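S.K.: Supplied in structure tokens, the structure appears directly below.
The values are calculated or read from the model by the stated rules, or taken from the named source; none is laboratory data. Keep in mind that what you see is a predicted model, and the values were worked out from it rather than measured. Glycine gets a Cβ as well: all are built from the backbone with ideal geometry, and neighbour counts include every protein chain shown. Ligands, DNA and RNA are stripped out before the accessible areas are found, and what is left, the full protein with its side chains, is counted by its heavy atoms. Shrake-Rupley method; radii C 1.70, N 1.55, O 1.52, S 1.80 Å.
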Amino acid sequence: VVKIEFNPTVISYGKLLEVFFKSHDPTTLNRQGADQGTRYRSIILYVNGEQKEQAANFVEKLNDSGMKVVTDVVEFNKFYEAEEEHKDYYKENPSAMYCQIVIKPKVDKVREEFSVLLSDD
């Protein structure tokens, strides 16, 4: 899970949903590529009713288009920080095989499709 804090005057929640759904496969239950288990499920944790409604509507539109989205839309309860060895894993281990095969293609796709949203930070 990634916790995203954002300024809605800079980027909308709807745009974040678009990036989220284009950056992973929301149609496989408890799986992302070869990784399996509930920790690999597609999930959106909302913090208020407006986010819940927007996320649910986004999922509904995708389903109406023929996609079979299994993404859970669940109320945010508590965020657990990752262990130190998992923080910035891709940044610290870019040549690791997992990073090259699994993470890099997703990062490249987001960079290509959403370059106008990205800064150099």
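S.K.: Which is the longest run of the chain containing none of the chymotrypsin sites (Phe, Trp or Tyr not before Pro) found in DSSP loop states (not H, G, I, E, B) with at most 16 other C-beta atoms within 10 Å? All intermediate terms of the calculation are to be shown ahead of the outcome.
M.R.: Values: sites that count: Phe6, Phe76, Phe79, Tyr80, Phe114.
Of all site-free stretches, the longest is 7-75.
S.K.: On full extension of the chain, what length is gained from Val19 through Asn48, given 0.36 nm per residue of separation minus the C-alpha to C-alpha distance? Walk me through the numbers on the way to the answer.
M.R.: Working: separation 29, 0.36 × 29 = 10.44 nm, distance 1.97 nm.
Residue separation times 0.36 nm, minus the Cα-Cα distance, leaves 8.5 nm.
S.K.: If amide hydrogens are placed 1.01 Å from N in the peptide plane, which non-local residues have theirs closer than 5 Å to the one on Val73?
M.R.: Under 5 Å from the amide H of Val73: Ile44.
S.K.: State whether the range 21-73 is rounded, prolate or oblate according to the following rule on the C-alpha gyration tensor (a ≥ b ≥ c being the square roots of its eigenvalues): a/c under 1.5 gives rounded; otherwise a/b larger than b/c gives prolate, and the remaining case gives oblate. Provide the component values of the computation, followed by the final result.
M.R.: Numbers: a/c = 2.71, a/b = 1.40, b/c = 1.94.
Judged from the Cα gyration tensor, the range 21-73 comes out oblate (a/c at least 1.5, b/c at or above a/b).
S.K.: Using helices alone, I'd like the mean residue ellipticity at 222 nm for the chain: each DSSP H run of four-plus residues gives -39500 (n - 2.57), total over residue count, nearest 500.
M.R.: Working: 4 runs with 40 residues, N = 121.
Calculated at 222 nm, the ellipticity per residue is -9500 deg cm²/dmol.
S.K.: Just to be sure I understand: if I project the alpha-carbon convex hull of the chain onto a plane and average over all orientations, what area do I get in nm²? Working shown, then result.
M.R.: On the way: hull surface 34.0 nm².
Computing the convex hull of the Cα atoms and averaging its projections yields 8.5 nm².
S.K.: Mind checking the range 62-121 for trypsin sites (Lys or Arg not before Pro) that DSSP puts in a loop (not H, G, I, E or B) and that have at most 14 other Cβ atoms within 10 Å?
M.R.: Numbers: sites: Lys68, Lys78, Lys87, Lys91, Lys106, Lys109, Arg111; in loops: Lys68, Lys78, Lys87.
In loop regions of the range 62-121 (DSSP not H, G, I, E or B), the sparsely surrounded trypsin sites (Lys or Arg not before Pro) are Lys68, Lys78, Lys87.
S.K.: Would you please name the GluC sites (Glu not before Pro) within the range 2-76 that are DSSP coil residues with at most 11 other C-beta atoms within 10 Å of their C-beta?
M.R.: Working: sites: Glu5, Glu18, Glu50, Glu53, Glu60, Glu75; in loops: Glu5.
The qualifying sites are Glu5.
S.K.: Just in the range 1-48: which trypsin sites (Lys or Arg not before Pro) are loop by DSSP and have at most 13 other Cβ atoms within 10 Å?
M.R.: Lys3
S.K.: I would also like to ask the following. Skip the ligands, DNA and RNA, and give the accessible area per residue of the range 55-121 with a 1.4 Å probe, whole Å².
M.R.: On the way: 5540 Å² over 67 residues.
On a per-residue basis, the range 55-121 sits at 83 Å².
S.K.: Oh, and also: How many percent of the accessible area of the chain is carbon or sulfur, using a 1.4 Å probe? Walk me through the numbers on the way to the answer.
M.R.: Numbers: 4700 of 9210 Å².
In the chain, the share of accessible area belonging to carbon and sulfur is 51 percent.
S.K.: Using a Förster radius of 35 Å, what is the FRET efficiency between Ile4 and Ala96 based on their Cβ-Cβ separation? Nearest 0.05, please. Mind showing how you got there, number by number?
M.R.: Details: r = 24 Å, r/R0 = 0.69.
For Ile4 and Ala96, the calculated efficiency is 0.90.
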